[in-house]
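Encoded as structure tokens, the structure appears first; notes follow it.
The values are calculated or read from the model by the stated rules, or taken from the named source; none is laboratory data. Fair warning: this is a prediction, and the values are worked out from it, not measured in the lab. Backbone-built Cβ (ideal geometry, glycine too); neighbour counts: all protein chains shown. Just the protein is used for accessible areas: all its heavy atoms, side chains included, with ligands, DNA and RNA removed. Shrake-Rupley method; radii C 1.70, N 1.55, O 1.52, S 1.80 Å.
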Amino acid sequence: MLRKNLPYDGTMMELAYKKKRKEEGTLYLLCDVSGSVAQISRMMLLVTHYLHDLLPKVRSFAFSNKLGEISNYFSTDNPEAAIDSVLFDWAGGNTDYGRAFVDFRKLVHHDMNRRSTLIILGDARSNFHPARAQIFKALSHRARRTLWLNPEPREYWQVADSDMLSYAPFCSKVERVSSLAELRSFTRQLVQTYN
């Protein structure tokens, strides 16, 4: 018996280790589709459609004066039709980021965890509604990282109804993204972190 166990340093059994599988986190995308970002909303939604095709767990939300989940819109192979439907159903109305974060918390608060990534696509202009930065802070702390893509120049982030400076301290990264090339570059980096 001992002679048979010599290859195993005399132990009576062969030890096998199970490799722990790393569970992938969910990517949550919040896209402002209000009038103030109308020029860039289509581009943002196109990237949202693209991410649904590339990554395994993506949940998307659109908002102007209220927020709702739009993940099912992107189950189609026709991105233009999906984007038109999202804009028809969710665009219009005065943007209220504070309310959007309240709505988002109701929908996903128990699902978000430290494997989640939260991305906000929008200008943070809330038409002087309460920013509710503490709600955003709580959401951000539940995620592994929070990224904000703002199409406006940084010097506008503290002007008039912009709440960007209230939200920025709770983000892992805040970037100005105002062109397709910049959005494509960001998306490429994001996908690489998931591979």
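Some observations on this one:
- Filter result (farther than 16 Å from SER36 by Cα, among the hydrophobic types (A, V, I, L, M, F, W, C) and in contact (Cβ under 8 Å) with a residue 24 or more places away in the chain) within the range 111-166: MET112, LEU118, ILE119, ALA131, ALA133, ILE135, PHE136, ALA138, LEU139, ALA143, LEU147, TRP148
- Single residue of the range 151-186 satisfying the filter (small (Gly, Ala, Ser) and under 23 Å from ALA138 (Cα atoms)) that is most open to solvent (accessible area, probe 1.4 Å): SER172
- For the range 25-37, the condition holds for no residue, the condition being that it is modelled with pLDDT of 85 or more, in contact with a helix residue (DSSP H, G or I) (Cβ under 6 Å, 6 or more places away or on another chain) and hydroxyl-bearing (Ser, Thr, Tyr).
- Per-region count, the range 98-126, residues of a type in the set (Lys, Arg), modelled with pLDDT under 95 and surrounded by 15 or more Cβ atoms within 10 Å (Cβ to Cβ): 1
- Residue within the range 115-128 that is more than 16 Å from SER41 (Cα to Cα), in a loop (DSSP other than H, G, I, E, B) and under 15 Å from the mean Cα position of the chain (by Cα) present: yes
- For the range 88-97, residues that are part of a helix (DSSP H, G or I), surrounded by fewer than 17 Cβ atoms within 10 Å (Cβ to Cβ) and touching a residue at least 40 places away in the same chain (Cβ under 8 Å) total 0.
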